[in-house]
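Student: Sharing a structure below in structure tokens format, with a few things to ask.
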Amino acid sequence: MEIYLVGGAVRDELLGIPVHEQDWVVVGATPKELLKQGYRTVGNDFPVFLHPDTGEEYALARTERKSGHGYNGFTFYTSPDVSLEQDLIRRDLTINAIAKDNNGKLIDPYHGQDDLEKKLLRHISPAFSEDPLRVLRVARFAAKLNKHGFRIATETLSTMKQIGSCGELNHLTPERVWQEWDKALTTSNPAVFITSLISCDALAILSPELDQYIKNTSSSNQTPLNALDLSAELELSSPIRFASLLAPLGIAFQGDQTQNILKKICTQLKTPKTFQDTALIATILFPALENINTLTTKEFLELLDKTDFFRRTERFWDAVKACNCNLNNHQRITAILEEISRNLDTLNISELVNKGWKGKELGNAIHEERGRIIEKLLNRD
């Protein structure tokens, strides 16, 4: 039995990137042997085991054969006679197919080290086209490694286009699509993930509305893609990054149309509710913040009500951060909103209750007092 460190851990170590998790492949062993040594089995599709001490994943060397559509359309074969080279060739990119033995020796049958030097994301074999999820994975690696100068090889980009044109992307479940989106949003250049999907015509298949929106806004100097990368540079949370991309929807479309487009995009990508809610508030805020100097007291109050400012303040400020990534005068806008928020906090609702207001009348009284506070600030010299 031989054990090798494989995949991203080897790649990142060679690139000088911190390694956060390690994956291992076991050659020449059976499930029974690993179980006897205390490994715990996980997964039903193929034999993967957790190390009894570290909890890291150890997978038996395996080969695979296409047997259906999509990410799960494969039949796997594991046996002690499956070689390390056979296991590595089923992987996606050459740079992810480098292994290291327990003596530190690198095994690189598909020239991944050469592509690390050339800064190329190159697929290993024609079998790459059998798994449509690899289109998103390569786009994600392009985003992750962009700051290191990596680009997608021409032949790999061509293969990615072919995967889309033959309909395989339509067989991906939204859940799997979102997993790649979620990981891509955490990279330092998430916009590259999107531009990579556009360059191979994949985004138009996965989310036609998002594809059209990005293309329609790409001609301006300050695009949603710029805002997305800025949100990553500021190390904002993933829901805020997603919202920064979609905040200008409130300008590109109007009223209910904005909400309908946003809902379609979020449904297509299977986004969690936190992401959708933050993006929705951002689309409402963005047009107003662009014209903050012209807002009346009534419009300010309506804006705060529409964005649920008084009940979900934290989400409101997350949406403001998303909008700010798209706005040139964001510091001044934030200062205005913060001052209004501070002054609204001085409103003593208990005093209104003590005056005898209750129910709907109390709500009206609170609304009027908030209006007076905002009016005073807006009319200040």
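Bear in mind these aren't lab numbers, they're just calculated from the coordinates by the rules spelled out. Worth saying up front: this structure is predicted, and the values here are computed from it rather than measured. Methodologically, a virtual Cβ is constructed for each residue, glycine included, from the backbone with ideal geometry; neighbour enumeration extends over all protein chains shown.
Student: For a protection proxy built on the mean count of beta-carbon atoms within 10 angstrom, sort 92-105, 6-19 highest first, please.
Tutor: By packing density, highest mean first, the sequence is 92-105, 6-19.
Student: Mind giving me the FRET efficiency for Lys298 and Val42? R0 is 45 Å, r the Cβ-Cβ distance, nearest 0.05 is fine.
Tutor: The formula returns an efficiency of 0.20 here.
Student: If you take all C-alpha pairs in segment 1-118, what percent of them are over 23 Å apart?
Tutor: Summing the P(r) tail past 23 Å for segment 1-118 gives 31 percent.
Student: Springs between alpha-carbon pairs under 10 angstrom, Gaussian network model over the chain: which of Lys161, Lys355, Lys264 fluctuates most?
Tutor: With Cα springs under 10 Å in the chain, the top fluctuation among Lys161, Lys355, Lys264 is at Lys355.
Student: Continuing with the same structure: Quick one: give the max-minus-min coordinate of the C-alpha atoms of segment 113-201 along each principal axis, largest first, in Å.
Tutor: Between the extreme Cα coordinates on each principal axis of segment 113-201 lie 34, 29, 19 Å.
Student: Further question: Would you look at the GNM of the chain, springs on alpha carbons closer than 10 Å, and say which of Ser244, Ser79, Ser350 moves the most?
Tutor: Maximum fluctuation in the GNM of the chain, among the listed residues, is at Ser350.
Student: When the chain is treated as a GNM, springs tying every alpha-carbon pair under 10 Å, which of Leu347, Leu84, Leu295 comes out with the largest mean-square fluctuation?
Tutor: Leu347
Student: Each label point is 7 Å from the Cα along the Cα-to-Cβ direction; what then is the distance between the points at Asp81 and Lys119, in nm?
Tutor: Placing both labels 7 Å beyond Cα along the Cβ direction yields 4.6 nm.
Student: Using Cα-only point scatterers and the Debye equation, what is log10 of I(q)/I(0) for segment 53-185 at each q in 0.11, 0.13, 0.16 Å⁻¹, rounded to two decimals?
Tutor: Cα-only, vacuum Debye calculation for segment 53-185: -0.43, -0.61, -0.94.
Student: Let me ask something else. How big is the charge dipole of the chain about its Cα centre, in debye rounded to the nearest 20, if each Lys and Arg gets +1 on its Cβ and each Asp and Glu gets -1 on its Cβ?
Tutor: In total the dipole reaches around 580 debye.
Student: Describe numerically, in nm with one decimal, the distance between label points set 7 Å from Cα along Cα→Cβ at Leu106 and at Glu155.
Tutor: Each label point lies 7 Å from its Cα, and together they span 2.0 nm.
Student: How much length is gained on full extension from Glu2 to Gln222, taking 0.36 nm per residue of separation minus their Cα-Cα distance?
Tutor: 73.9 nm
Student: Hey, what's the Kirkwood Rh for segment 131-280 if you take every pair of different alpha carbons, in angstrom?
Tutor: Final number for the Kirkwood radius of segment 131-280 is 15.4 Å.
Student: Assuming 0.36 nm per residue, please report the length gained on full extension of the stretch Asn379 to Gln162 beyond their Cα-Cα distance.
Tutor: That works out to 72.1 nm of additional length.
Student: Using 0.36 nm per residue, how much length does the chain from Lys263 to Leu35 gain when fully extended, once their Cα-Cα distance is taken away?
Tutor: 77.4 nm
Student: With unit charges on the beta carbons (Lys and Arg positive, Asp and Glu negative) and the dipole taken about the Cα centre of the chain, which residue among Asn260, Trp181, Ala282 sits farthest to the positive side?
Tutor: Final value for the positive-end residue is Asn260.
Student: For segment 288-329, compute Rh as the Kirkwood radius over C-alpha pairs and then the Stokes-Einstein diffusion coefficient at 37 °C and 0.692 mPa s; write the answer in µm²/s, rounded to an integer.
Tutor: 300 µm²/s
Student: Name the GluC sites (Glu not before Pro) in segment 187-271 that are in a loop by DSSP and that have at most 11 other C-beta atoms within 10 Å, would you?
Tutor: In loop regions of segment 187-271 (DSSP not H, G, I, E or B), the sparsely surrounded GluC sites (Glu not before Pro) are Glu235.
Student: Given [x] 0.93; [y] 1.02; [z] 1.10 as candidate values of Rg/Rh (Cα atoms, Kirkwood Rh), which corresponds to the one derived from the coordinates?
Tutor: Given [x] 0.93; [y] 1.02; [z] 1.10, the structure-derived one carries the label [z].
Student: While we're here: In segment 178-261, how does Rg compare with the Kirkwood Rh, expressed as the Rg/Rh ratio over alpha carbon atoms?
Tutor: Computed over Cα atoms, the ratio is 0.94.
Student: Hydropathy first: keep DSSP H helices in the chain averaging at least 0.5 on Kyte-Doolittle, then drop any whose Cα extent along the axis falls short of 24 Å, and list what survives.
Tutor: Taking the DSSP H segments of the chain (at least 24 Å long, mean hydropathy at least 0.5), we get 273-290.
Student: Looking only at Cα atoms, what is the convex hull volume of segment 219-345 per residue, in Å³?
Tutor: Considering the Cα atoms of segment 219-345, their hull volume per residue is 111 Å³.
Student: Based on alpha-carbon centroids, what's the gap between segment 250-288 and segment 317-352 in Å, whole number please?
Tutor: Result: 21 Å between the Cα centres.
Student: Within segment 268-307, find all residues whose amide N lies under 13 Å from a label point positioned 7 Å from the Cα of Leu344 along Cα-to-beta-carbon.
Tutor: Only 285, 297-307 fall inside the zone, counting backbone N under 13 Å.
Student: Normalised radius of gyration for segment 337-381, please: alpha carbon Rg relative to 2.2 N^0.38 Å, two decimal places.
Tutor: 1.23
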